[in-house]
1. At most 15 other Cβ atoms within 10 Å plus a DSSP loop assignment makes a site exposed; report the longest stretch of the chain without any exposed chymotrypsin sites (Phe, Trp or Tyr not before Pro).
2. How high is the relative contact order of the chain, given as a whole-number percent (alpha carbon pairs under 8 Å, six or more residues apart)?
3. In terms of the Cα gyration tensor, with a ≥ b ≥ c the square roots of its eigenvalues, is the stretch 1-72 rounded because a/c is under 1.5, prolate because a/b exceeds b/c, or oblate?
4. Loop only per DSSP, at most 10 neighbouring Cβ atoms within 10 Å: give me the trypsin sites (Lys or Arg not before Pro) in the stretch 53-118, ordered by residue number.
5. Using helices alone, what [θ] at 222 nm do you get for the chain, with -39,500 (n - 2.57) per DSSP H run of 4 or more residues, divided over all residues and rounded to the nearest 500?
6. In the structure shown, do any of Lys233/Lys255; Lys43/Lys220; Lys55/Lys78 have a Cα-Cα gap over 24 Å, and if so which?
7. Based on Cβ point charges of +1 for Lys and Arg and -1 for Asp and Glu, what charge dipole magnitude is obtained for the chain about its Cα centre, in debye rounded to the nearest 20?
8. What list of ³J(HN,Hα) couplings, whole Hz, do you get for the stretch 218-229 from phi and the Karplus terms 6.51, -1.76, 1.60, once you set θ to phi - 60° and write x for glycine and proline?
Amino acid sequence: MKINKYGTLFIIPTPIGNIYDITYRSVQVLQKIDYIAAENYNKIKKILNKFNINKPIISFHQHNEIQNTKIIFHKIKKKKNIALVSDAGTPTINDPGFHLIRECHKKKIKIIPLPGACAAITALSASGIPSNKFCFEGFLPSKEIQRKKALNLLKYEKRTIIFYEAPHRIIHSLQNIIEEFGKKKKIVLARELTKSWESIIFDTVENILYKYKNNQSICKGEIVLILSGYKNKKKKIISKKIQYTISVLKLFLPKNKIAVIISKIYNIKKNYIYKYLIDKIK
Ligand code: SAM
């Protein structure tokens, strides 16, 4: 692997639980860069020790991101390569780094992102909820009024919705989801992914809330919550005109024939009309 000879910012995902989820390429880059900008010193140190890597670490978290961006630029200008890592998972995904990366773009500094662990995508891949279109909402607000407002705005969202959730708030959030989306909403609760005690439950929000209320031990650990998108349950209406045509045809023809004719004239599915005739017409 060739490391750019000018200062580059590498974005390196780290494991969300299982240390072996770090990629070979991430380890290779960590071995070659000059500095690591890390959100959590102890966590990155554990990874570095595991792979016998020894690099200077620059503290980089939400409270010093702006001032330490300057320190990082200073080093990049001196042609040093920096790896940005967060507490766990992909940096900038609900983790620090946005400001640094925005500034790198402005200053035309090369950014190389590496693919790797991300709790949202890991959970989505196993959710069994459509993953071709989804939106990521990060954490719901901690205050109930705002949380309910945020959920209400998503009521008619057709895409799958992904949230990060804290264990101490999960019961309240599930209750609010019931209030806004109804108790039958299908959700997936993925907890402690990649750890040996990981659990992924697919059920209605009502059943999951019941399980949670009755088993406090599962209320611990990190959580990704996935909600199925809104489904338009528009009822097809049999218009007065169609009803009239049916009333005439039924004097001469059996229901299966009426269904064929109505479906041809009005471009409605034959089975739908047939079911209507069986249910509604004597
Ligand atoms: N940057 C991270 C990523 O790429 O997933 C997310 C950081 S965010 C501060 C932390 C949240 O991610 C947790 O509160 C939880 O909702 C979710 N999370 C992280 N690790 C997880 C895991 N092993 N299982 C389930 N959710 C996890």
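The values are calculated or read from the model by the stated rules, or taken from the named source; none is laboratory data. Since the model is a prediction, treat every value here as computed from it, not as a measurement. Note that we place each Cβ from the backbone using ideal geometry, even for glycine, and neighbour counts take in every protein chain shown. Only protein heavy atoms, including side chains, enter the accessible area calculation; ligands, DNA and RNA are left aside. Shrake-Rupley method; radii C 1.70, N 1.55, O 1.52, S 1.80 Å.
1. 52-155
2. Contact order relative to length: 17 percent.
3. oblate
4. Lys78, Lys107, Lys108
5. Helix contribution divided over all residues of the chain: -11500 deg cm²/dmol.
6. Pairs exceeding 24 Å: Lys233/Lys255.
7. Roughly 1620 debye for the chain.
8. Values, residue by residue: 7, 7, 10, x, 7, 10, 10, 10, 10, 10, 5, x Hz.
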